[in-house]
Structures are given as structure tokens and as C-alpha cells.
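**Student:** Have a look at this one before I ask anything.
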Amino acid sequence: MHHYDYRVETNVGRVCFELSLKPFGYDKSPVGCEAVARELFEKWKPLLRYASGCAILLWTSDGSEILEYTGNMEDAFEWCRYIGIGNWDRSLKKNPDENKADYNLHKFPLLYMENPPEMTYGDLKNIIAALKKVGHEETGLDIEVGETFDPGPEFAYSWFKYERHPEIASGTIMGKKRWVHCASRMHAEKRAYAAYPDGIPEGTHLGEFLGRQFMAMKRDLGFDYIWLSNGFGFSLQSWNWTGELFDGEKYDFEGAAKVRESIREFWEYFTREIGDTRVETRGSNLSTGMDIAAHGCPIDDIYAVKNLVSPPNSPWAALDHRFGLELVGYMSHIAEIPEKGYAFRYYIHDPWWHNSPWFDRYGRSPHDIYLPLSIARLDENCGVTKPWAMDFLSVDDSFGKMPDRCNMEVIPHLLSAFNDYPDAPGLVTWVYPFDEYCRIGLREGKMERLMMDDWFIESAVDFGFPVNSVISDRNFIAADKNKLLKTILVTPVPEAGTALEKALMDALEHGARVILYGSTEFASAEMRARIGVTLADGIEGDLEITTSLPLDTAEINGYSNKLIHQSLLSGGAVKECALPGADICAEVSQNGVKRTYAVCSADGQIVWVRGSFPHIPSKSSKPAYRNPAENFVPSILLRASMSKFGYLMRFDCFDITTKLPLILFSRCRGALWLNSFAKDTTVRMHMTTPDGAPAPKGMDFIVSDSVGTYPMEKAMHTDCRIYVRQKNRTRVRCFQENIQSYHNIDEKIVLEGLDDAEVTVYPTEGGSVCFYLTEKHGSNAPMYMGSNVAWEYDEKRDCFVAHHATGVLHIGWQEKEHFGEHEKLDFLWEK
């Protein structure tokens, strides 16, 4: 018997365990170090069976141990021995009382154990050797060990960054002059360092110093690669939505070239020293477009670095629940990838701050596994590129312990997610204009044109827009557009005369369905005509919006009709007017002046939404959410516009301010997979498709007029091959049959509660299907006698369709790949 749920047929790539020195602090003898290493590898063996490689990323300190290194193995260094802030106000004369309720770990830390030992570079060398030796013994893999460098004040006290060389810490994240900038140059110092035995010359570039010092440690201690943390090497203010080029009120057009060049210069100095040593990066908390527009990040130059790994998904969603920002940032960072590829990172423990996200942030819910691992990065052949690596932050907790329960609970979800990893474009694919953003925002310095775009998509995803696939403009231009006809494309309006515009027109000629967003001011006349708009004088500020698109509903309140459009953040004013006869989907007005905000093209292939910056500009690290009962959130129109292509998705909630679910529909083995996270499980989703209401496996739902109404669980990951069209309102259950009556049926699904329904089934590629109707569940379904319901094979859609099904429909199928393993059943229908 064969069944997908029983298999693990996957390669999870290089597995990296991030680890502090805290576990070794209890016994740093050679025997103690090997015991810690053996415990680690034994706990994670069930996952490592499917790994192509293994690494340990050591959170030794905060990277200052690299800067401080003299080459003397007996030197001690400040290490990660605290819970809480590593760099506190040393002017405090007396430690606060840790037993008081107002004790603040962000102001003063605690030691993680009583009298933690001193750590020397010799100890660190022994730890690295123990990890490599034991890891190879336990796994058969050659273990790599990485070193970390962080620009901030969190992880360990740094005399180098804040006392001896404060000139390198010009950033203001977590306090004034607390964040190291990669573009810094250093003042002279006579003190000897491993790579600078005669001291540091005046004006030495930090990139040169860091690279040269790390290579000395790599040679002496046994490190294999380096990790640049928290946006270091990408921007100065990597946690903030504002930056050196945009302060929240104005753009610095004149200083843009200097900022970009200063970051590029760091990489030139740094890579000159490290050669082809692998560099893994954390990147910012933002997206590529945000980094370019506000921070001048020369991402194209960075991605050209040899042996570089692009930033993984940010761990910050576990802390602030802005999963839209995590997912959009991730997709934008992997649309184009550097030579080495990209990684997936999962936040299970925190060695610095007193929390273990798997238990207390996620509440043991696996949504931040299934959501990012449902993202499909498409290459120029529209093939899916899997992550090169899987990283765990971190395998030890704040006290240096590695609780069994965590790895035992997490590993099955990870294997399931990789087993069901997308193998084709999902329901919606983001054509990400990576090269265009680099041209517009970096080389032409017109960053204001792209400030809105990624924030608009971020907000849309947070409001349930189901985009799971991403393809860069470079790959989209090269791709066979016929391979993108089963997905809805979403992308900013391309600028006139670009290769992206030409490729998009080509995709439309092949029959693609496209959602465009953003201003059409810089589009060609041909593109505006294809959309169905022309330009007039713009309006901005407080606008009134009306729309015919289907919106979410609530028992309390409703979406406001007041829309705030800030030209500074939204690529200019709203200037579009619909051409005569156009299908206007949304309009905005101000003092009697109307402008078109969304329109469906005459041929039905394009829906265009103007879009506005969706948030409230703020002085904090991220712009604040708007209250949808007070101000219309324009990004919800992206999900609503899918109805023009036959995909209705709307939500019912108690209050319109209720946080809506995140939903990503991926594709694997011919099925659409529902991957979701409900921030509020009282929300209900209403959905239909051109095939009818989806019937996700394991769900009970209501069907009426071919629209399904679904309860939203906290986290869901399930496949959907079956769709139901019926007029009458009934409760439908879709579940896997517990007992397989026929050894050569690979899967059997039961649909209960049908009433004169048309049921569409998409089996695995090349597979065969059989239907059988019974009055109630539990009745015998003698499939060997053949079907007792009218059916047909739809060659165009590549699916099977059963007609006029009432009662309980039993659906069995056999995969083509198994026809040779056992005798094929006569009653199974072939295409």
C-alpha cells in the first residue's frame, strides 16, 4: 500500500544549529564539551537523516571576540553569559533587585548561571574541535562551524565597539551610537591585534579589519564561515522602515549615491580579505524594495559576492506577529539569489532573552514552519528552487539547556513541510521587479517611486492575500509564459519601454491573468490602454472610496470609506480616470473630483489597483497599522480583485478590526495546499474557485451556491484536490478513509453531505480515479464493480468530474508511478 502521508521523501538541505556557549559553561573540560556536542546531535538525528550537510553557528559573543583577537589562546573574551541586554549602563553603582516586579532585562541583565566561568580563545578552539569530532561520529557528516558578527548591543558587552572604537557605532537602533555601521573607518590604535601586530592605522576600513581579523581566527581556531547578523552589510538602520535616504518626511536624493557607494565599499574591503570564504547573512527586518528606497542598499552588488547566502526569513514575526512583513521580505530576498542560494530559518529558542518561541511565542503552533516553507521561488524555467539550508535559532535556550520536547515536536512538522514543498507555481505568483528596483531606486535614484510597493503587498498578505510564489523580473522575462497560465500574476505596473513591460504583454498574449498595482504615470500609453485608464490631474490626502468588489463583513463595524492617500509615500497622487466602457471596480473622490482606483480590463485579463501606502507613518521601527473601521485599508482590494478571475475569498468576523488570517495556497503533486495561520479563530472564510468550493482534506464546511464557508483553525497545512459545485446549502465533510479496502488504491477520500453536486478531482499526475456513491458513510462502497455515478475526464483542465452526486461520494485513486508495482485495477479510469 502506498500513501503520501506515510512517506518521507525529502532532502532538507544543509541543517545548521545555532548555539551559544552557555551549554559549555557548566563543564568546559574536553569531556564536558564532547558531552554537550553528543547531546545536541543525538537529539536532532531524526532530522539529520534527511540532511545533505550540517553546520553549527556559534553565538560566541557579539562578534567583538573577532575584533579583540590578538592570537593569544590564553586571552579571555567577553561571552554570551547573560540573560538580557549585553551592554548596559555601566555607570550604575548597584545592581537592581532582580526580585522586584519592575526589573527590566532590557536595562540590566542577569547571569544565566551562578559564577559562569571565564572563556578563553583556547576554550573556544576546544569547543569547535569537539563539535566537529562528535558531529562526524554521530552523523557521518563533516561538520562546519560558523562565527557570528552582530552590529548591536544585545548579546555581550563590547569594550571595542563602545569604548575603544565608538566611531564605528553611528547607528541609533537600541540607543544613540549603539549600532555599528559597515561603512565605518577606524581611528588609529597602538594595541596589537592578530592581523595588525603593529596596531590599527588611522582610517582603516572596518570591512578590512573585520575580514582580516576573522581570517586569523578561522586559521587558528577552526572556523569555516562567517554570519553577518541583523542587517550588517546591508544598511545602517536595518530594523527601521526609515533610513539614511528617507527620514519619514523627505528623501535625500543628493546623498543617495554616497550611501550606496559606502555600503558597496564595505563589501569590496571585506571580500578582499576573506577570499572565497562563505558568508551567510541575516539581512534586514524589511524587504528588498524597502531596503533600496529608505536605506540605499546596493543589493545587486551584494548578491554578486562569491559564496554568499542570501538573507532568510526574519524571526521578528514571532515577536510582533507581522507575518506579512516576514513573508514579503523573504520572497523579495529570494526572487533573485546569490551564488550559494538561500536558507529557511526557524526561531525555536533564544539564548539571550528569556523566551523560547516554540513554546511561548508560537504556543507550539507550527504556522511559522508551514507558511515560509510554502513559498515557491521560481527560476527562469519556472522550476522551484528549494532552500539550500535550514537554520535553527537556536538549539539552546536562555539557560543553556536543550529540552527534548522542542526537537521532538518540531521535527515532524519540518519533515511534513519539506515533503509537501511546492513543486509548481501556486495560486498567486508575485513577479518581483528586482532588476527594475535596482535600476530605478539605485542607479537612477528615484526611490520615491517604489516606497509604497512592498508595503502594499505586505499589508495585502496580512489581510489574507494568498500569494505564495515569487519570480524575479529577470527570470520572468526569460520564462516560457505558458508555464504561468495556472497562476495569477501580481506585479507593479511596469515602466514604459522596459523588457519587463514587453514580457508582461507577451504573457497577456498567451492568456495570463494579471493583477497590477501602483501608479500608471510612468507606464506606456499602450499599457494604460490595455488596463483601461488615462491620466488627469491628481488628487491626494483624505479621499472617499467606493467599490463594487466583494469585501469582508463583520457583526460590529464595517470598513470605513475614508481612504488616506499620501503622495510622498504612494508614488504620487491618484491621477487615473477610466476609459469609456471600462469595468470600474473602485473609485475615489474629493470635493466632487473623481478618480479611478481599480479597474478590470475589457478583455478580463487585467485587474489594476492604484494602491496607497497602507499604514500610519511613525517614529518607531515600523509604520503602524491603520484601524480599518476608521480608514480604509487599500491592500484588501488585491484579494477582492481575485473575484474577477473566479476566485472569491472574503472573511466574516465579529468586528471589522479583527486580525484576519494569513493564507498561502501552494501547489505540490498536482494538489493545491492550504497553508494558513488564524490570528483569531472566530473568523470564517468564504471561498469559491472556477471549479467550485475547495474541499480541503480534513475539513468540515458549508456549501451554498458553490461557495464554501470554512472555520479557521490556528494553523492548517492540508491538501485540496477536490472541488464542489452545488446550489443547495449543506454541510460537507471531506476526510481520508481510515481503512483501505483495496491494497492497490493509493488514497481514498470521502465527501459526505452532497446534494446534486458536481465534484471535480485533480489526481496526481498521470493517476487514475474511481467514484462510488453511497447513501451514508459506513455503507459498503464496492469500487471493484466500477462507478455508479456519471463522470467525465476534462482534458483541458486535466481533471475528473463526477455529476449529480448526492449523499456520500467515495473517491479513490492510484498513482501512475505505482502501476508497475502491482496490478492496476480495472475499474480505475485512465485519462
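**Student:** What residue, of GLY86, GLY32, is open to solvent by less than 50 Å² (accessible area, probe 1.4 Å) and at pLDDT below 95?
**Tutor:** When all the criteria are applied, what remains is GLY86.
**Student:** May I ask you to list the residues in segment 554-566 that are under 28 Å from the mean Cα position of the chain (by Cα) and either surrounded by fewer than 17 Cβ atoms within 10 Å (Cβ to Cβ) or not in a strand (DSSP E or B) (or both)?
**Tutor:** TYR559, GLN566
**Student:** OK, next. For segment 413-521, list the helices (runs of 4 or more DSSP H) that sit wholly inside it and hold at least 1 residues that are hydroxyl-bearing (Ser, Thr, Tyr) and under 21 Å from the mean Cα position of the chain (by Cα); which are they?
**Tutor:** Per the criteria, 434-437, 451-462.
**Student:** Determine whether segment 483-505 contains at least one residue that is of a type outside the set (Ser, Thr, Tyr) and touching a His at 6+ places or on another chain (Cβ under 7 Å). Break it down into steps so the answer makes sense when it comes.
**Tutor:** Keep residues of segment 483-505 that are of a type outside the set (Ser, Thr, Tyr), which gives 483-486, 488-490, 492-497, 499-505.
Checking the rest, the ones that are also touching a His at 6+ places or on another chain (Cβ under 7 Å) come to 485.
Checked against the condition, which is being of a type outside the set (Ser, Thr, Tyr) and touching a His at 6+ places or on another chain (Cβ under 7 Å), segment 483-505 yields at least one hit.
**Student:** Out of segment 409-424, which residues are over 15 Å from ASN675 (Cβ atoms) and not aliphatic (A, V, I, L, M)?
**Tutor:** GLU409, PRO412, listed by residue number.
**Student:** Determine if segment 253-275 includes at least one residue that is within 23 Å of GLY122 (Cα to Cα) and either open to solvent by 40 Å² or more (accessible area, probe 1.4 Å) or not acidic (Asp, Glu) (or both).
**Tutor:** Checked segment 253-275: at least one residue is within 23 Å of GLY122 (Cα to Cα) and either open to solvent by 40 Å² or more (accessible area, probe 1.4 Å) or not acidic (Asp, Glu) (or both).
**Student:** Is it true that ILE515 is among the β-branched types (Val, Ile, Thr), touching a Ser or Thr at 6+ places or on another chain (Cβ under 9 Å) and open to solvent by less than 10 Å² (accessible area, probe 1.4 Å)?
**Tutor:** On the way: among the β-branched types (Val, Ile, Thr): yes; touching a Ser or Thr at 6+ places or on another chain (Cβ under 9 Å): yes; open to solvent by less than 10 Å² (accessible area, probe 1.4 Å): yes.
Considered against the rule, which asks whether it is among the β-branched types (Val, Ile, Thr), touching a Ser or Thr at 6+ places or on another chain (Cβ under 9 Å) and open to solvent by less than 10 Å² (accessible area, probe 1.4 Å), ILE515 comes out as yes.
**Student:** Could you tell me whether SER641 is at pLDDT below 95 and under 25 Å from the mean Cα position of the chain (by Cα)?
**Tutor:** Values: at pLDDT below 95: no; under 25 Å from the mean Cα position of the chain (by Cα): yes.
For SER641, the condition - at pLDDT below 95 and under 25 Å from the mean Cα position of the chain (by Cα) - is not met.
**Student:** Please pick out the residue among GLY296, GLY341 that is on the phi > 0 side of the Ramachandran plot and touching a Leu at 6+ places or on another chain (Cβ under 9 Å).
**Tutor:** GLY296
**Student:** Mind listing whichever residues of segment 614-645 are in contact with a Ser or Thr (Cβ under 6 Å, 6 or more places away or on another chain) and within 27 Å of ALA512 (Cα to Cα)?
**Tutor:** Once the filter is applied, which keeps residues that are in contact with a Ser or Thr (Cβ under 6 Å, 6 or more places away or on another chain) and within 27 Å of ALA512 (Cα to Cα), segment 614-645 yields PRO634, SER635.
**Student:** Further question: Can ASP301 be described as out of contact with any Leu (no Cβ under 8 Å at 6 or more places or on another chain), open to solvent by 10 Å² or more (accessible area, probe 1.4 Å) and under 25 Å from GLY464 (Cβ atoms)?
**Tutor:** For ASP301, the condition - out of contact with any Leu (no Cβ under 8 Å at 6 or more places or on another chain), open to solvent by 10 Å² or more (accessible area, probe 1.4 Å) and under 25 Å from GLY464 (Cβ atoms) - is not met.
**Student:** Show me the helices (runs of 4 or more DSSP H) found entirely inside segment 22-84 where at least 1 residues are of a type in the set (A, V, I, L, M). Lay out the reasoning, then the answer.
**Tutor:** Details: elements: 22-25, 30-43, 45-48, 64-68.
Helices (runs of 4 or more DSSP H) meeting the threshold: 30-43, 45-48, 64-68.
**Student:** Among the residues in segment 361-376, are any in a strand (DSSP E or B), within 20 Å of SER666 (Cβ to Cβ) and at pLDDT 95 or above?
**Tutor:** yes
**Student:** For segment 275-314, which residues satisfy the criterion of being touching a residue at least 60 places away in the same chain (Cβ under 8 Å), in a helix (DSSP H, G or I) and either over 30 Å from ALA216 (Cα atoms) or among the aromatic types (Phe, Trp, Tyr) (or both)?
**Tutor:** Once the filter is applied, which keeps residues that are touching a residue at least 60 places away in the same chain (Cβ under 8 Å), in a helix (DSSP H, G or I) and either over 30 Å from ALA216 (Cα atoms) or among the aromatic types (Phe, Trp, Tyr) (or both), segment 275-314 yields THR288, GLY289, MET290, ILE292, ALA293, ALA294, HIS295.
**Student:** Going by what's in this entry, would LYS386 be described as charged (D, E, K, R) and either at pLDDT 95 or above or buried (at least 23 other Cβ atoms within 10 Å of the Cβ) (or both)?
**Tutor:** Yes, satisfied.
**Student:** For the structure I just gave you, tell me whether LEU228 is open to solvent by 10 Å² or more (accessible area, probe 1.4 Å) and in contact with a Ser or Thr (Cβ under 9 Å, 6 or more places away or on another chain).
**Tutor:** no
**Student:** Here's something else I'd like to know. Are there any strands (runs of 3 or more DSSP E) wholly within segment 672-729 with 2 or more residues that are of a type in the set (Gly, Ala, Ser) and open to solvent by 20 Å² or more (accessible area, probe 1.4 Å), and if so which?
**Tutor:** Details: elements: 684-688, 699-704, 707-711, 715-720, 722-725.
Ranges flagged: none.
**Student:** Taking the residues in segment 251-274 that are outside any helix (DSSP H, G or I) and in contact (Cβ under 8 Å) with a residue 40 or more places away in the chain as candidates, determine which candidate is farthest from the chain's Cα centre (by Cα).
**Tutor:** Filtering segment 251-274 for residues outside any helix (DSSP H, G or I) gives 251-255.
Of the ones still in play, those that are also in contact (Cβ under 8 Å) with a residue 40 or more places away in the chain are 251, 253.
Working: TYR251: 28, PHE253: 30 Å.
Restricting to residues being outside any helix (DSSP H, G or I) and in contact (Cβ under 8 Å) with a residue 40 or more places away in the chain, the top hit is PHE253.
**Student:** Sticking with this structure for a sec: Taking segment 383-398, which residues are polar (S, T, N, Q) and within 15 Å of the chain's Cα centre (by Cα)?
**Tutor:** THR385
**Student:** Moving on to the next point. I'd like the residue in segment 157-172 that is touching a strand residue (DSSP E or B) at 6+ places or on another chain (Cβ under 7 Å) and open to solvent by less than 10 Å² (accessible area, probe 1.4 Å) and, out of all such residues, is nearest to GLU244 (Cα to Cα).
**Tutor:** Filtering first and then ranking leaves GLY171.
**Student:** Additional query: Please note which strands (runs of 3 or more DSSP E) are completely contained in segment 573-632 and include at least 1 residues that are modelled with pLDDT of 95 or more, of a type in the set (D, E, K, R) and crowded, with 16+ Cβ neighbours inside 10 Å.
**Tutor:** By residue number, 574-578, 583-590, 593-600.
**Student:** Just to be sure before I move on: is TYR346 part of a helix (DSSP H, G or I), open to solvent by less than 10 Å² (accessible area, probe 1.4 Å) and hydroxyl-bearing (Ser, Thr, Tyr) in the structure I sent?
**Tutor:** Against the criterion (part of a helix (DSSP H, G or I), open to solvent by less than 10 Å² (accessible area, probe 1.4 Å) and hydroxyl-bearing (Ser, Thr, Tyr)), TYR346 does not qualify.
The values are calculated or read from the model by the stated rules, or taken from the named source; none is laboratory data. This structure is a prediction, so every number in the text was calculated from the model and none was measured. Glycine also receives a Cβ, built like all others from the backbone with ideal geometry; neighbour counts cover every protein chain displayed. Surface areas here come from the heavy atoms of the whole protein model, side chains and all, with no ligands, DNA or RNA. Shrake-Rupley method; radii C 1.70, N 1.55, O 1.52, S 1.80 Å.
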